[in-house]
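Take a look at the structure set out below.
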Amino acid sequence: MAPASLLDLVSALPTNDQWGPQISTETMLDGVPYAPYSKADKLGRMADWTEGKGGDRQGRQNYGNRNYRDQQVYGANQQTNPFAIQAAEEEATFSVVDNTRTSTRTRGFGRGGGTVFGRGRGQRGGQAQRGGRGTFQRVGGRGGQQYDNRGGRGGRGGRRFGWRDDKPQRNRDASVQVKPDWQVREEIDFARLAKLNLATGDGEDLDSYGFLYYYDRSYDKQPGAVTSQRKLNVLERAAYNVTTSSDPILQELAEKDEATIFATDSILSMLMCATKSVYSWDLVITKRGNKLFLDKREGSNLDMVTVNENATDAPLEISEGNKDSINAPGALMLEATHINNVFPLQVVNESQSLKVNMPHEHPFYNEEEESDPPASKAYKYRRFDLSLDQDEEPLNLIVRTELDAVVKNNINGEDQYMTIKALNEFDNKAQGSGGALDWRTKLASQRGAVLATEMKNNSCKLARWATQSILAKADTMKIGFVSRVNPKNNNDHVILGVLTNKPRDFANQMALNLNNGWGIVRTIVDMCLKMDEGKYVLVKDPNKSILRLYSVPEHTFEEDADEGQIPEEDAEE
């Protein structure tokens, strides 16, 4: 007898014994609504008998397989799916890991084995992997690539979608602690500030105070040459950096109603170059009547000189893994500030018979109280017009500017005023050097490359210096190159050379737009003039490119200054 076909066998089965669930016309099953099919659902196998083949280990491998993951269960795209299968407790402990090949090379252990030293072009892996020879991973820049500590490309990862295209967050601390009773009044991001523009004139001189010594031209020898290297000496001179509200000249000008806004060049330059800043800083803005005073608080970091603030591989804090405490940002700032206080004193000829006296005496020096002689410094009070065509009343700003020395013009013999600043080199091989060249060997032959690298790594600092020189209407701007005698010692320094620049030309080389700076000042001023009388604090966010304006109680920061003082009642006892 011929065997029956499969179709005949199936048709011979009774209809009530067919395999599968019973057919029902109800739309509810035990209170659960019937979920219809969706075009977006991906239907996999009804029953996969090969999943567990090879034991539990094989099942785990299938779980991590891409083809397995793509076979989604019906209804998996729905947010609340009553039919979703809950993952077993054991499977929940596993996670998908990156099994992409890396391009690292091995050393000394043959092919494929041994210790990986990570000296290749960088990995394409996750956050824990570091690219190239560097010790810090940079996400963003050109297509989300990684950069090593030499500024080069450290990987081929390309653009990583979903990640921010900027430097990784360092979680730096704010320059001032924001207290609970401070209220945020305005918040402006740098993208908006960069679009501002206000054309302002060169300003006018109101008064000049102090005196200036002549610059020593012997420091202008060929930079980098052995004969031009001199040890940086520490000279004890009386120098001052008085804030706006404590300046008696500015207070007198305010009483005479000479302007609406009052500031110093250090404070004003920080505000004008705000979009180039990375570290946190703060300003205190006080409104009295219709006048604004831009101040710095006691212990502010505005007077500190930063080092490689804008470098791609900026110096790390000790808490971030920096093993060299002398190369931490705080230590480098103290070192750079000390150099900039001492360097201008050394490069002038202190001759009492050959010095230029301003029309008025030094406004802050008191011969009876000071034991040290005053430093060479001239204070010029200048006024700028920030008015717009639609303004009903003029809006003027008075700023106290500073000059460091004077020099004779070789052509006509006239006196030319100058500002004197100093760049410092700590260790071109250390972390945070920003790919800087060796000044001792490259400053003479590659002066432009050295200066270009400094413009990149210290764009905020150099922009502030150029702005201060332009505000003071200085004729020239001297920039000294000071390096450590020994990279491991931050106390002894040597002067390698001095470069001369014209402030306007130097600003153009840096693509510094002064009109944008004046636009930022006018915008912040307009915000404060619309508010009530009182005290406000402008803070640059430590980890974001944002400025925040807070309204604070009237006696903020004054209480902090009085904490160290003994009350009168206790003193009498």
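In summary, Thr441 fulfils each of the numbered conditions (1) out of contact with any strand residue (DSSP E or B) (no Cβ under 8 Å at 6 or more places or on another chain); (2) over 27 Å from Arg522 (Cα atoms); (3) among the β-branched types (Val, Ile, Thr); (4) buried (at least 18 other Cβ atoms within 10 Å of the Cβ) with the single exception of condition (4). The residues listed here are Tyr550, Tyr536; of these, the one that is touching a residue at least 24 places away in the same chain (Cβ under 8 Å), under 23 Å from Val399 (Cβ atoms) and of a type in the set (Ser, Thr, Tyr) is Tyr536.
Conditions tested, residue by residue: (1) touching a Lys or Arg at 6+ places or on another chain (Cβ under 7 Å); (2) of a type in the set (A, V, I, L, M).
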position	(1), (2)
Asn490	yes, no
Leu496	yes, yes
Asn501	no, no
Leu512	no, yes
Gly519	no, no
Val525	no, yes
Leu529	no, yes
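In the set (1) farther than 30 Å from Val525 by Cβ; (2) in a strand (DSSP E or B); (3) not charged (D, E, K, R), Leu294 fails one condition alone, (1). Scanning the stretch 437-453 for residues that are under 19 Å from His493 (Cβ atoms) and either hydroxyl-bearing (Ser, Thr, Tyr) or free of Cβ contacts under 8 Å to residues at least 40 places away in the same chain (or both) returns Leu437, Asp438, Thr441, Val450.
Do the conditions hold for Ser269, that is, is it hydroxyl-bearing (Ser, Thr, Tyr), part of a helix (DSSP H, G or I), under 34 Å from the mean Cα position of the chain (by Cα) and over 30 Å from Arg447 (Cβ atoms)?
no
In the stretch 398-408 there is at least one residue that is more than 35 Å from the chain's Cα centre (by Cα) and within 20 Å of Lys478 (Cβ to Cβ).
Scanning the stretch 350-362 for any residue that is in contact with a helix residue (DSSP H, G or I) (Cβ under 8 Å, 6 or more places away or on another chain) and surrounded by 16 or more Cβ atoms within 10 Å (Cβ to Cβ) turns up nothing. As a summary of the residue check, Met333 satisfies the conditions (1) closer than 30 Å to Lys530 by Cα; (2) without any contact (Cβ under 8 Å) to a residue 60 or more places away in the chain except for the one numbered (1).
Got a sec? Which strands (runs of 3 or more DSSP E) wholly within the stretch 364-416 have at least 3 residues that are among the charged types (D, E, K, R) and touching a strand residue (DSSP E or B) at 6+ places or on another chain (Cβ under 8 Å)?
Strands (runs of 3 or more DSSP E) meeting the threshold: 377-385.
The requirement of being touching a Leu at 6+ places or on another chain (Cβ under 6 Å), under 30 Å from Ala466 (Cβ atoms) and not polar (S, T, N, Q) is satisfied by Leu538. Considered as a group, the residues in the stretch 165-224 that are acidic (Asp, Glu) and within 24 Å of Ile470 (Cβ to Cβ) include one that is modelled with the lowest pLDDT, and that residue is Asp220.
The values are calculated or read from the model by the stated rules, or taken from the named source; none is laboratory data. Bear in mind the structure is a predicted one, so any value in this text is a computation, not a measurement. Heads up, the Cβs are rebuilt from the backbone with ideal geometry, glycines too, and the neighbour counts pull from every protein chain shown.
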